[in-house]
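*Asks:* This is the structure I want to talk about, given as structure tokens.
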Amino acid sequence: MTDLLTAVSIIFIVMGPFLLAANRFQLPTVPFFVLAGIVVGFFVEPELTLELAQYGIALLVFSFGVEIDLSAVRTVLVDSELAAVGQIPVAGSLGFGFGVVLGVPPGDAIYLGAAAALSSTIVGAALLQREYDTNLVRGRLARSIHFVQDLLAILFVLVLSAATLAAEPVAAAVGYGVALLVAAIVVNQSLFDAVGEFAGDSDELMILAVVSLLVVFVGAAEYVGISIVVGAFAAGLAVRHDPVDYLGLFNGLGSIRDFFVAIFFVTIGALVVVPFVELGWTESVEKVVLAGGLVILTAVVKPAITTTILIYQGYEPRTATLTSLNTDQVSEFALIIAIEALVLGLLSQSVFDAIILAAAVTMVTSSLTQRYDEEIYRTLADRGVLGSRHEKIDELSAVPADCSDHVVIVGYGRQGQRLVETCEELDRPYVVIENDPSRRDSVAAECDAYVFGDAMERYTWQKANVEDARIVVSTVKSELVSRRLLSFEFEADLTLRSGDRESALELLDAGALYVSHSELLAGQRLAQQLRALFDDEVTPAELRDQQRAELKSRADPVYKPLR
């Protein structure tokens, strides 16, 4: 324990300057975490780093399990299953074949295939924290693809836990894993709310209860002889995902997750054996070639496979491309599989080092591709690399052929719903553009005309017949979306939404008719509420209930409480 604490102390001492540099120059933090880890590797023993990585990955897998809400991801689960199941055998086979061609023993090549096939939930989730991404199809698809891959990876881990391919030990390990997952679902559905009622309004008690739940599941996994990662994942599923009723709990768990995300990336860097520095020339060349091939398979071939599958299923090229760019890294599950195989003597040190090097490189490149994902997509689209299919939009949309002089409303959140109600009261035709799968049913049931597509794509606007529209109203608080809409240069007037005063002024100068400013509207709303309270039009209890109802109505069912 003392050695682990010393290692963590060294990690944070070394990491501090790198993080300050990233923050100072507004650069992605992941590359700096990995660089800090490479420096840490010269001061911390590899065995200690491996142990720290195992526990760190387990806790991160737990945090991902906490964020899963199957009722929301099911809207794209079928398509993501096809994408994940289609991608894994192709990318995995290529990784396995690549290793065999280079002379890697078949037993080791299996782990190269796993590294090429699986994507990182940790990196994908961290990069998908942008609200605009997580609420739209691309975010839901990416998260659900990661979820399906994680389930398959857990099956691999359970088989590996048996330390043999004999039927009885493998069946026992898989059975124990399934039992833990079933127990987690039972706790989630039947017992978690009872724990919440017992804790009352104490966030500290809830966090303590959840940590105790994690200890129980991890301890159970350790007791039956399977990987603690499986127990941690089950513990995450046992936590009821309700960011409204358990806001304090989720804020606290978010801080814990951020702590271990930093530890994870640094430990990956620390495990890297630097070629030509710590190794001889011949061995370094072999390792660079092996890791380089794995990087190409992971960062280029795998996203291309995912994009092709999603476009074939009818998704817009932009949605397919941006989704696939969230799968261009080696998974933390592939790393835990490699670590456990190394400990069991099933994987050679040289192949393990190549997987770690490839993981470090792809996690750095993934942070960069996410930063410049729009530019990557535009470059591919402009060069005609991507096809153009619109079956999904055509299938899910309903716009009258004679629709004209109408209002185009972007987004069917709280503001969008009010705009629809206003248009119906004024007998004004309208078309709603929405891209959130969780709102698909409500849009179809409540709106007269709608397009379920990406507002960043021209075909969506063609489908909405924007050429004959009277006005376009965007309720999406995203400068990226607002800038894109301005670039279309609609004949119709355009109103936008902004999160700050400076952006609002810039959008007005760029040609917007009107920009809805959140802080200004919030101040006006607060003044109205105070006036109603002082005039005895509403009681304090009624005001509190109204606010609670509004917060719940605006809660995103998967990732964030506000859109």
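The values are calculated or read from the model by the stated rules, or taken from the named source; none is laboratory data. As the structure is a computational prediction, the values presented were derived from the model and not from experiment. Note that we place each Cβ from the backbone using ideal geometry, even for glycine, and neighbour counts take in every protein chain shown. Note: areas computed on protein heavy atoms with side chains; ligands, DNA, RNA excluded. Shrake-Rupley method; radii C 1.70, N 1.55, O 1.52, S 1.80 Å.
*Asks:* Taking the Cα centre of the chain as the origin and placing charges on Cβ (Lys, Arg +1; Asp, Glu -1), which of Ala183, Phe259, Thr49 is farthest toward the positive end of the dipole?
*Replies:* Thr49
*Asks:* Here's a follow-up. Cross-link partners among aspartates and glutamates for Lys287, C-alpha distance below 15 Å, same-chain residues fewer than 8 apart left out?
*Replies:* The qualifying aspartates and glutamates are Asp108, Glu278, Asp353.
*Asks:* Let me ask something else. Taking only Cα atoms, what is the 0 to 90° angle, nearest 10, from helix 247-271's long axis to the longest principal axis of the chain?
*Replies:* 40
*Asks:* Would you work out if region 1-383 is rounded, prolate or oblate? Take a ≥ b ≥ c from the square roots of the eigenvalues of the alpha-carbon gyration tensor; rounded if a/c is under 1.5, else prolate when a/b is larger than b/c, oblate otherwise.
*Replies:* Note, shape of region 1-383 comes out rounded.
*Asks:* Pairs of alpha-carbon atoms within less than 8 angstrom and 6+ residues apart define the contacts here; what relative contact order does the chain have, in percent?
*Replies:* That works out to 17 percent.
*Asks:* Starting with the highest mean, order 283-295, 260-272, 420-432 by the number of other Cβ atoms within 10 Å, averaged over the residues of each peptide.
*Replies:* Averaged packing, sorted descending, gives the order 260-272, 283-295, 420-432.
*Asks:* How many percent of DSSP beta bridges within region 391-554 run antiparallel, rounded to 5?
*Replies:* Antiparallel bridges make up about 5 percent of those DSSP assigns within region 391-554.
*Asks:* Shifting gears a bit: When the helices in the chain are scored as -39500 (n - 2.57) per DSSP H run of 4 or longer and the sum is shared across all residues, what 222 nm value do you end up with, to the nearest 500 deg cm²/dmol?
*Replies:* Here the helix-only value at 222 nm equals -21500 deg cm²/dmol.
*Asks:* Can I ask one more? Residues of the chain: accessible area per residue at 1.4 Å, in Å²?
*Replies:* Here the per-residue accessible area is 45 Å².
*Asks:* Of the heavy-atom accessible surface of region 1-383 (probe 1.4 angstrom), what whole percent is carbon and sulfur?
*Replies:* So the carbon and sulfur contribution to the accessible surface is 69 percent.
*Asks:* Now a separate question. Helix 137-161: angle to the longest alpha-carbon principal axis of the chain, degrees 0 to 90, nearest 10?
*Replies:* 20
*Asks:* Let me ask something else. Normalising by the residue count of region 391-554, find the relative contact order in percent from Cα pairs under 8 Å and 6+ residues apart.
*Replies:* Across region 391-554, relative contact order equals 19 percent.
*Asks:* Could you state the number of Å between the C-alpha centres of region 285-317 and region 326-399?
*Replies:* Between the Cα centre of region 326-399 and that of region 285-317, the gap is 7 Å.
*Asks:* Helix 518-534 versus the longest principal axis of the chain: what angle, 0 to 90°, nearest 10, using Cα atoms?
*Replies:* Once rounded, the angle reads 60 degrees.
*Asks:* How large is the charge dipole for the chain, taken about the Cα centre, if only the Cβ atoms of Lys, Arg (+1) and Asp, Glu (-1) carry charge, to the nearest 20 debye?
*Replies:* For this selection, approximately 760 debye.
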